[in-house]
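Written out below as C-alpha cells is the structure these notes cover.
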Amino acid sequence: MKIKTTYVCPPVPERSFDWSAIDEDTYNGSGSPIGFGATEQDAVKDLMDQMEKEECPHDEHDHGICLSCGRDIFDDIVGQAELWRDC
C-alpha cells in the first residue's frame with residue numbers, strides 16, 4: 001500500500017474536503033476509494049475506514065478490530081502504508 005495525500009482546498013466554505021487520500025497501488029479511477037478530510041490525517045483515516053470495509057465483510061469494528069471475526073484490519077493496512085505527500 002502506498003498512500004498519496006493531496007491538499008485540494010476546493011472553493012467552497014465547507015472545510016471537510018480540503019485533503020484527499022488514495023492508495024496509489026490500487027487506485028484505478030471511478031469506484032476506487034478516496035478519503036476526504038479537513039486535515040491530512042482525517043483524509044487518511046477516511047480512506048482506511050473505506051478500505052477496512054472492503055477487507056472485512058462485517059460492519060462492526062472497534063479501532064480496526066472486527067467485532068464479528070476478530071480480524072485486525074489495520075495490521076494489513078497500516079503496517080504496510082507509506083505516506084506520500086504532494087507539496
Only one of S20, S32, S16 is touching a helix residue (DSSP H, G or I) at 6+ places or on another chain (Cβ under 7 Å), at pLDDT 85 or above and of a type in the set (S, T, Y), namely S20
Of the residues in the range 27-43, those that are of a type in the set (S, T, N, Q) and outside any helix (DSSP H, G or I) come to N28, S30, S32, T39
Residue hits (the range 1-16; hydrophobic (A, V, I, L, M, F, W, C), under 18 Å from M51 (Cα atoms) and assigned to a loop (DSSP other than H, G, I, E, B)) are M1
Output for Cβ contacts, cut-off 7 Å, separation at least six or different chains, first residue modelled with pLDDT under 85 in the range 38-65, second of a type in the set (F, W, Y), reads G64/F74
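The values are calculated or read from the model by the stated rules, or taken from the named source; none is laboratory data. Note that the structure is a prediction, hence the values are computed from the model and not measured. As a convention, Cβ positions derive from the backbone with ideal geometry for all residues, glycine included, and neighbour counts pool all protein chains shown.
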